[in-house]
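The values are calculated or read from the model by the stated rules, or taken from the named source; none is laboratory data. Fair warning: this is a prediction, and the values are worked out from it, not measured in the lab. Here Cβ is always computed from backbone atoms with ideal geometry, including for glycine, and neighbour counts include all displayed protein chains. SASA here: full protein model, heavy atoms, side chains in, ligands and nucleic acids out. Shrake-Rupley method; radii C 1.70, N 1.55, O 1.52, S 1.80 Å.
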Amino acid sequence: MESTAEVTFSELKQGLAAGELQVIDVRRTEELQADGRMVGSTNIPLDELEAALQMPEEEFRDQYGVRKPQKEDTNIVLTCRSGRRTKLALPIAQRLGYTRAKIYAGGIIEWKKNHGVD
């Protein structure tokens, strides 16, 4: 079993502001509309994550509007609403070779509490 690397709120905030992180929000699209989103994050619902990470790069970019993360990237961060789905998403990413992916366990709930929604 892979170890779980977590990023803190301040690491996430700084990394997003600097454009240094690839943040994947695994909430459903309706939740983003209801709860807001982190500016700079990419929404890939949990039930699409496995297929998305196996897409060819061009198809991924067409569907999600960003560069597909590479397996060796060290700046991938998974997040959700409260952290529960993030913990389900990480093993999927790791099994597909994204072994350096990290999580932000606080989710949008902690993000909004500490930051406000952009």
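Kindly indicate the residue of segment 9-30 that is in contact (Cβ under 8 Å) with a residue 60 or more places away in the chain and surrounded by fewer than 20 Cβ atoms within 10 Å (Cβ to Cβ) and also nearest to residue 109 (Cα to Cα) among those meeting that condition. Residue satisfying both the conditions and the ranking: 9. Can you name the residue in segment 43-84 that is within 15 Å of residue 111 (Cβ to Cβ), of a type outside the set (A, V, I, L, M, F, W, C) and touching a residue at least 24 places away in the same chain (Cβ under 8 Å) and is also surrounded by the most Cβ atoms within 10 Å (Cβ to Cβ) among such residues? Looking at the filtered set, the residue picked out is 79. Take the conditions (1) within 16 Å of residue 48 (Cβ to Cβ); (2) assigned to a helix (DSSP H, G or I); residue 108 misses just one of them, which is (1).
Evaluate the following for residue 87: is it in contact with a strand residue (DSSP E or B) (Cβ under 9 Å, 6 or more places away or on another chain), charged (D, E, K, R), assigned to a helix (DSSP H, G or I) and open to solvent by 40 Å² or more (accessible area, probe 1.4 Å)?
yes
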